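The values are calculated or read from the model by the stated rules, or taken from the named source; none is laboratory data. Since we're looking at a predicted model, the values are computed, not measured. Glycine also receives a Cβ, built like all others from the backbone with ideal geometry; neighbour counts cover every protein chain displayed. Each accessible area value is taken on the protein alone, full model and side chains, heavy atoms only, with ligands, DNA and RNA left out. Shrake-Rupley method; radii C 1.70, N 1.55, O 1.52, S 1.80 Å.
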Amino acid sequence: MLKEFKRIEFLAATVASIFTITPVSAASFSLPAWLAELPVKDILVQNTGAEEVFQQGLTFSAQQNMAAAEGAFRRAIQINPNFAEAYANLGSILANQNKLAEAIPYFDNAIRIKPDVPEFYYMKGQVLYAQNKMADAVESVKRARDLFRKQGKTQEANTLEQVLKDMGSR
């Protein structure tokens, strides 16, 4: 278990599976009559919403194109500065590039925006552990464990309990 915790893994897939973002289709909107009557050539549509850019980042990361993934997550944050999952994924990308100190503020932003997401605390704990900041790492993992328990996710909480025990035996 300790070996698993030591490795900083790219967790975008985990976060993506928790936060499924469904792209909005044009069919889900009712256009005003005057706009609906305009010829299509007069309307410039750009699908550059934060969610779409975020999804591109997930695709790039799944393809192991980390530079493109990093750029996409940065762009998603520019578009929507309150996009917690984009911050967490960017932090994970940076951590996997061994930019540990640079990754921490991104996890902090994700936690600030969505303080009830245990995965964010766990991801931050991994980076703190890699930096040998044991007290902070333990605190972050404990917070993740407690949130999992509060949310009724017993298996995840028990897994983190074992991680905490392994961290103590270091």
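Points to keep in mind about this one:
- Asn80/Asp116 FRET efficiency (R0 22 Å; Cβ-Cβ; nearest 0.05): 0.70
- When Rg and the Kirkwood radius Rh are both evaluated on Cα atoms of segment 96-153, their ratio Rg/Rh stands at 0.98.
- Accessible area of Met167 in the full protein assembly, 1.4 Å probe (Å², nearest 10): 10
- Pairs with C-alpha atoms separated by more than 19 Å, drawn from the list Lys99/Lys153; Lys99/Lys124; Lys142/Lys165; Lys99/Lys133; Lys114/Lys150, are Lys99/Lys153.
- One equal scatterer on each Cα of segment 52-170, no solvent, Debye formula: the resulting log10 I(q)/I(0) at q = 0.13, 0.15, 0.21 Å⁻¹ is -0.51, -0.67, -1.12.
- Compactness check for segment 71-110: Cα Rg over 2.2 N^0.38 Å is 1.02.
- Sorted largest first, extent of segment 121-170 alpha carbons per principal axis (Å): 30, 19, 12
- Of Arg112, Arg145, Arg75, the residue with the largest accessible area leads and the full order is Arg112, Arg75, Arg145 (1.4 Å probe).
- A simple count of charges around Ala101, restricted to other residues whose Cβ falls under 13 Å of its Cβ and scoring Lys, Arg +1 and Asp, Glu -1, yields 0.
- The heavy atoms of Ile79 present about 60 square angstrom of accessible area, all protein chains included, probe 1.4 Å.
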